[in-house]
Amino acid sequence: MSRFLSNTSKKLVPYTPGEQPKQRKFIKLNTNENPYPPSPKVAEALMNGVENDMPKEISDLRLYSDPEEKVLVDAIAAYYNVKPTQVVCGNGSDENIAFAFKAFCDKDMPITFADLTYSFYPSLCALYEIPYNVIPLEADFTIDPEKYYNLGTTIIIANPNAPTGIFLPLDKIEDIAKHNPDNVVIVDEAYVDFGGQSAVTLLDKCENIVVTQTFSKSRSLAGARIGFAIANEALANDMNTVRNSGNPYNINRLSILAGAAAISDREYTEECCKKVMATRAMTIKGLREMGFDVCDSCTNFLFAESDKISGLDYYTKLRENGILVRRWSAPRLENRVRISIGTDEEMETFLRVTQEILSSTPQK
Ligand SMILES: *Cc1c(COP(=O)(O)O)cnc(C)c1O
């Protein structure tokens, strides 16, 4: 820390991203990336035309991106059948979540979230000096909506939740929104395409809901950094005010095109998600047969633990065998690992290695 660091920045608690190994080739099941490539339409859009002896879109990088991000906004609006004025794009949905925090929270308007959820939320609170309240999940890792009634704070719910993978049915989201009529409820739907349902359908009934989604998971574009929020026009406008105050060119030219092409290819996305969901079912079955406790997942990852091996030992042994998963040391999580769903082949290897690890672990 330098002696120049501001007093507020001294209090930051940066989010720890999952490991992105540079040398050894791992089966990478630690950051919930999609095992399949993006839609071929993405490559088509980026490679269209030639100018100055290079693909035109690369030549065009000399120009600023469209601050209205119109091509992308229109494609998202068409996909969800909402008005373009209801859509806000972010550099990853992490940025959309940041816009929402900045727009709808401050020192006088705290935010509430679950104890076990996306650990980026408390990092953002530190960054923006937003006080927060935490509501513990139930013993089975579900949310009890009644604990969210009349909180008097902004609320954020990851749905499906991470790292549990559990989906909270939409009538419960509606119930929470209706019991907090004077506060914004942000629904972080990073994983919704893997078997959840989007709260976008509630926007006409609940003027206080903001939905955020990402291209990183179901659309295989984690490296392109594209996310979006959908809300009623007034809330979307508030978030755009934040966006335009910080970085009106927040999405680069290539990502605007890549995102528009990806979301327009509904069939491809649905096909990829179906494959991931089938592989997920196979993996859950395999783990449960070995005695693991696995939460029902509506995401592209599993949240699992075995009473035969500690979370740390299991994580370490998987790593020695070239497989990366995610783990935490927090209470309630210390024996859990989070396993992203890869290809069938990767998950068959993962199950085989898991079986070998269990067989060579002395019984407790
Ligand atoms: C991955 C993820 C996001 C967003 O990721 P981006 O890559 O920034 O779009 C948001 N919320 C949750 C719960 C996630 O797991």
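The values are calculated or read from the model by the stated rules, or taken from the named source; none is laboratory data. These numbers were taken from a predicted model, which means no experiment stands behind them. Cβ coordinates were reconstructed from backbone atoms using ideal geometry, including for glycine residues, and neighbour counts include every protein chain displayed. Areas reflect the complete protein model, heavy atoms only, side chains present, ligands, DNA and RNA absent. Shrake-Rupley method; radii C 1.70, N 1.55, O 1.52, S 1.80 Å.
Points worth noting:
- Per residue Cα convex hull volume in Å³ - calculated over region 213-364: 160 Å³
- Split the accessible area of region 101-212 by element, probe 1.4 Å, and carbon with sulfur accounts for 49%.
- Sites listed here are trypsin sites (Lys or Arg not before Pro) in region 243-351 whose DSSP assignment is loop and whose Cβ has at most 13 other Cβ atoms within 10 Å: ARG332.
- The modelled label-to-label distance between ASP140 and SER9, using points 7 Å beyond Cα along the C-beta direction, is 4.7 nm.
- Apportionment of accessible area to carbon and sulfur, region 1-81, percent (1.4 Å): 56 percent
- Using the 1.4 Å probe convention, the accessible area of the chain works out to 47 Å² per residue with neighbouring protein chains retained.
- Percentage, to the nearest whole number, of Cα pairs in region 309-364 over 18 Å apart: 31 percent
- Computed extension gain for LYS83 through SER360, at 0.36 nm per residue and net of the alpha carbon distance, reaches 94.0 nm.
- The helix-only estimate of mean residue ellipticity at 222 nm for the chain, built from DSSP H runs of length n ≥ 4 each weighted as -39500 (n - 2.57), is -11000 deg cm²/dmol after division by the residue total.
- Separation of alpha-carbon centers, region 293-364 and region 174-194, rounded to whole Å: 31 Å
- Dividing the radius of gyration of the alpha carbons in region 160-210 by their Kirkwood radius gives 0.96 for Rg/Rh.
- Look at the dipole of region 1-135 built from charges on Cβ: of LEU5, ASN81, PRO38, the Cα furthest out on the positive end belongs to LEU5.
- For the chain, built as a Gaussian network whose Cα springs stay under 10 Å, the top-fluctuating residue of ASP53, ASP193, ASP293: ASP53
- Qualifying trypsin sites (Lys or Arg not before Pro) in region 196-241, DSSP loop, other Cβ atoms within 10 Å at most 16: LYS205
- Sorting 108-117, 161-170, 63-72, 19-28 by their mean Cβ neighbour count within 10 Å, with the most densely packed peptide first, gives 161-170, 108-117, 63-72, 19-28.
- Calculated SAXS-style log₁₀ I(q)/I(0) at q = 0.10, 0.12, 0.14 Å⁻¹ - the chain, Debye, Cα scatterers: -0.66, -0.95, -1.24
- Size descriptor, Kirkwood hydrodynamic radius, that averages inverse alpha-carbon separations across region 63-119, Å: 13.6 Å
- To put it simply, the accessible area of region 283-364 at a 1.4 Å probe is 47 percent carbon and sulfur.
- Rg/Rh ratio calculated on Cα atoms of region 222-291 (Kirkwood radius): 1.19
- Segment MET109-ARG332, length gained on full extension (0.36 nm per residue, minus Cα span): 77.4 nm
- Note on TYR64/THR241: beta-carbon distance plugged into 1/(1 + (r/R0)^6) with R0 of 25 Å gives a FRET efficiency of 0.80.
- Cα gyration tensor shape of region 1-130, rounded if a/c is under 1.5, else prolate or oblate by comparing a/b with b/c: prolate
- The stretch between GLU270 and ALA43, if pulled fully straight at 0.36 nm per residue, gains 79.9 nm over its current Cα-Cα span.
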